[in-house]
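A quick write-up on the structure given underneath.
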Amino acid sequence: VSAFEVNRSYFGYDYSFSKEISSRIMYDGTTEVINGKTIYSGYLRNAYLQFDNKKVMIQGGLIGAEQISMMEKIWGFRYITKPPIDYSGMIQVADLGIGAKVYAADFLTLDLSVTNGRGFKDITPNGTYKMSAGFTLTPAENMLVRGFYDMMGSSGSMQRTASIVAAWMGPKFNAGAEYFRQDNASMTDGRDYSGISLFAKLPLAEKFSLFARFDNISSTILDGDEDPWNNNRDGAYIFAGVDFSPVRNVRISPNLNLFLPSDRKSTRLNSSHITISY
């Protein structure tokens, strides 16, 4: 099926009360499939107050997830597809709570947050909180290592998520790899899944570059079942294309998205796109 689509748009406002205190409100207009129909809907994506003195940053309110923000920067093609830890559902891109970032050294940043754990679409309180912690290390020029861990729920069926990524972000090429995993998804004992992601970018000219990413996700088989619990999402995901930036802040990309399911019976469609972002 061929079609013209506008999948997502944002409208936001930033205001600085002083050099150290600021705020942000952002509205997210997106598409959703409801009763078999694709419709537009909107959500409040961010609404927070921030203190940042370049040594410590503290945010409170509807805040973004530092892990996803960092992975979007490392990947560099958020307008093509989300990081796998995001589209797989392991982490919510924004949530209600409080977060802090400590600039421990020129080469090390630490982050910590306590949030509701249900994202920016579900704000119903239920007494459960998610604790998240991470670090970003730059041991050498152009090299980056990112580690992340979170936990939510009671000890018996506690949901735990972890990620480790290493990337080279140089002037001639970018490349990296990530391993990510979640145990007891949705705080259900035994619902574990994990994945790997390999990605690369190769500049061809001042305004052109090639990019590619390979993700593979797999889940466990629960007792009494024959198929993995997340069978409809298990498999390999491939994204590849050309990125063209004719002017600053405008990007155009002919790209191909492929899904190779672990279950050969799957009928999920692959697709090709021409994506425009500005």
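Need the C-alpha centroid separation for the stretch 141-197 versus the stretch 6-62, integer Å.
Distance between centres, Cα-based: 24 Å.
What is the percent carbon and sulfur in the accessible area of the chain, measuring with a 1.4 Å probe over the protein chains and ignoring ligands? Write down the numbers at each step before the final one.
Working: 9540 of 16220 Å².
About 59 percent, which is the carbon plus sulfur part of the accessible surface.
Using 1/(1 + (r/R0)^6) with R0 = 35 angstrom and r between the beta carbons of TYR43 and VAL242, what's the FRET efficiency to the nearest 0.05? Provide the component values of the computation, followed by the final result.
Values: r = 32 Å, r/R0 = 0.91.
Efficiency, from the Cβ-Cβ distance: 0.65.
What does the helix-only formula give at 222 nm for the chain: each DSSP H stretch with n ≥ 4 adding -39500 (n - 2.57), the total divided by the residues, and the result rounded to the nearest 500 deg cm²/dmol?
Working: 2 runs with 14 residues, N = 278.
Rounded to the nearest 500, the figure is -1500 deg cm²/dmol.
How do 93-102, 184-193 rank on mean C-beta neighbours within 10 Å, highest first? Show your work: numbers first, answer last.
Working: 93-102: 19.1, 184-193: 16.3.
Output ranking for 93-102, 184-193: 93-102, 184-193.
How large is ³J(HN,Hα), in whole Hz, for each residue of the stretch 14-27 in order, when computed from phi with the Karplus curve 6.51 cos²θ - 1.76 cosθ + 1.60 and θ = phi - 60°, using x for Gly and Pro?
Along the stretch 14-27, the couplings run 10, 9, 9, 7, 7, 5, 10, 10, 8, 9, 9, 10, 9, 9 Hz.
Probe 1.4 Å, all protein chains in place: accessible area of MET158 in Å², nearest 10?
Probe radius 1.4 Å; accessible area of MET158 about 40 Å².
Accessible area per residue for the chain in Å², computed with a 1.4 Å probe and the full protein assembly in place, what is it? Can you show the working numbers first?
On the way: 16220 Å² over 278 residues.
I get 58 Å² per residue for the chain.
Please sort 116-125, 77-86 by packing, taking for each peptide the average over its residues of neighbouring beta carbons within 10 angstrom, highest first.
Working: 116-125: 15.3, 77-86: 20.3.
Ranked from most to least packed, the peptides come out as 77-86, 116-125.
Suppose R0 equals 35 Å. What FRET efficiency, 1/(1 + (r/R0)^6) with r the Cβ-Cβ distance, do ILE196 and GLU32 give to the nearest 0.05? All intermediate terms of the calculation are to be shown ahead of the outcome.
Working: r = 29 Å, r/R0 = 0.82.
Between ILE196 and GLU32 the formula returns 0.75.
Taking θ = phi - 60°, what integer Hz values does the Karplus form 6.51 cos²θ - 1.76 cosθ + 1.60 yield along the stretch 44-58, in sequence order, with x for Gly and Pro?
Computed from phi, the couplings for the stretch 44-58 are 6, 8, 9, 7, 9, 10, 10, 10, 8, 10, 6, 10, 9, 10, 10 Hz.
Okay, which of the stretch 177-208 sit inside 19 Å, backbone N to the point 7 Å along the Cα-Cβ direction of SER154?
183-191
Starting from the Cα of TRP168, step 7 Å along the direction of its Cβ; do the same at GLU226; then give the gap between the two resulting points in nm.
With each label placed 7 Å out from Cα toward Cβ, I get 4.7 nm.
The values are calculated or read from the model by the stated rules, or taken from the named source; none is laboratory data. This structure is a prediction, so every number in the text was calculated from the model and none was measured. Note: ideal-geometry Cβ built from the backbone for every residue, glycine included; neighbour counts use all protein chains shown. Only protein heavy atoms, including side chains, enter the accessible area calculation; ligands, DNA and RNA are left aside. Shrake-Rupley method; radii C 1.70, N 1.55, O 1.52, S 1.80 Å.
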